[in-house]
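Here's the structure we're looking at; comments come further down.
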């Protein structure tokens, strides 16, 4: 019986996949944007089952995102392997919403996938989505999208190619614009491969939303000219709202030992919620075939990305399963991310006896610098999440709790704070495009309540919050909230700019008084519900 790859293989916010094989091991690197550690890596040996290794840019020596905007930071990494080393190339985007894009591109290497990674080498800032190509003559080349800030209508100016000098650890020579894209437009996300003496350039086009696509072009010379495939585009879901996998694009390819070809690509699932993909942009895998004239096509009859495709004939690989209940054994579990920076001992500690997490209050939920916040991705449509929090604020500037968080302008936040007239209170805050409103049923907490149990219950497009003084009987607080507002697609692009990330379940603590009021979280449970979460 042929085993099947069930898509998406990486559910929830895992965009811009870069796939590579090293012997029997397969790795996918994905974008993390403002979330730290940067560049998420997953491992597999069968392309079916994937195990999270975590973010590899795990200290500020490798990645400093202090102050980057929402959806800035790490864009579209490229992971490759040559000369006995892993090569990781990535962007750190400082600004991107207006005419200019301040995009610093870096390269780091390591003998092992989990590091240690060498000090990053600055490459250029001429455009985003950098990648590295290793030619069979030993030369290496950096590719990236060229950003032309002079005209927003023609800002995607093509794909630059420039040689990289390994000894000098720097780019050398003059960059060459090798490909200006197809009629789809907005060419980006370049990946270059040499197959049977020909150079194959795989790019993303159409923008990363519903017009997204994968374009293939090839040349017998690395500098071109590149001829677009007659089977263009290789992949797109544009114009087909009936497809479950939407936004298909931004691909990279890998060949198995037995010669089979697969494409890892970005996708999104609106799941009946109009055009809003609440899980963010995810990663799927499609099987490819070579045509008689040596181009690539999807290996199916539909011509579109499918939710289930045949896997290669490889030994089954299970990896480790992430536990439903996350406790804290002196460190954050691998699934957890923080915002922009690592949380050091000034803002985070652990109670090893209770296996709990302590966050010391820092800046507000609007901060682009230092937030005491840690969380995990929403990766399914229906789930419940729960925590138990110990928190004793003494003024209104101290707040802590549990949030369903998209970014600094959109989140739902169940929290404990303090009021001059009522003392310690429990409240539900809703932030919508930066406008905060407080729920009408704020609850005064008696002194006898030592800890508060908090729960969120998410059913596809709706979110409800509950609390309990004892973990037995739960009471709802606030109204049913529209969970689709926590998505890339909720934003008016003209008014608010583009967004590219996904929803997180977070534990957080704020103290703008500067007193570092601590909040202790005993655990975080994340229980997926329903068959639609498979994959």
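The values are calculated or read from the model by the stated rules, or taken from the named source; none is laboratory data. Computed from a predicted model, the values in this text were never measured in an experiment. All Cβ positions, even for glycine, are placed from backbone atoms using ideal geometry, and neighbour counts span all protein chains on display.
Figures for the structure shown
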| quantity | calculated |
| --- | --- |
| Residue in segment 157-172 that is closer than 23 Å to residue 283 by Cβ and in the same structural domain as residue 129 (by TED's automatic domain parsing) present | yes |
| Some residue of segment 188-201 being touching a residue at least 12 places away in the same chain (Cβ under 8 Å), part of a loop (DSSP other than H, G, I, E, B) and on the phi < 0 side of the Ramachandran plot | no |
| Segment 243-284: number of residues that are out of contact with any strand residue (DSSP E or B) (no Cβ under 8 Å at 6 or more places or on another chain), touching a residue at least 60 places away in the same chain (Cβ under 8 Å) and at positive phi | 3 |
| Residues of segment 351-368 satisfying the condition of being surrounded by fewer than 18 Cβ atoms within 10 Å (Cβ to Cβ) and in a strand (DSSP E or B) | 351 |
| Search result, residues across segment 329-345 that are in contact (Cβ under 8 Å) with a residue 60 or more places away in the chain and part of a loop (DSSP other than H, G, I, E, B) | 334, 335, 340, 341, 342 |
| Subset of segment 63-77 that is within 10 Å of the chain's Cα centre (by Cα) and buried (at least 24 other Cβ atoms within 10 Å of the Cβ) - its residue that is farthest from residue 36 (Cα to Cα) | 76 |
| From 503, 484, residue being touching a helix residue (DSSP H, G or I) at 6+ places or on another chain (Cβ under 7 Å), in the same structural domain as residue 380 (by TED's automatic domain parsing) and at pLDDT 95 or above | 484 |
| Meets criteria (outside any strand (DSSP E or B), at negative phi and out of contact with any strand residue (DSSP E or B) (no Cβ under 6 Å at 6 or more places or on another chain)) for residue 14 | no |
| Segment 285-309, residues that are touching a strand residue (DSSP E or B) at 6+ places or on another chain (Cβ under 7 Å), surrounded by fewer than 15 Cβ atoms within 10 Å (Cβ to Cβ) and over 16 Å from residue 233 (Cα atoms) | 308 |
| Some residue of segment 431-444 being under 30 Å from residue 500 (Cβ atoms), under 20 Å from the mean Cα position of the chain (by Cα), modelled with pLDDT of 95 or more and crowded, with 17+ Cβ neighbours inside 10 Å | no |
| Lone unmet requirement of (1) buried (at least 19 other Cβ atoms within 10 Å of the Cβ); (2) in contact with a helix residue (DSSP H, G or I) (Cβ under 9 Å, 6 or more places away or on another chain) for residue 452 | (2) |
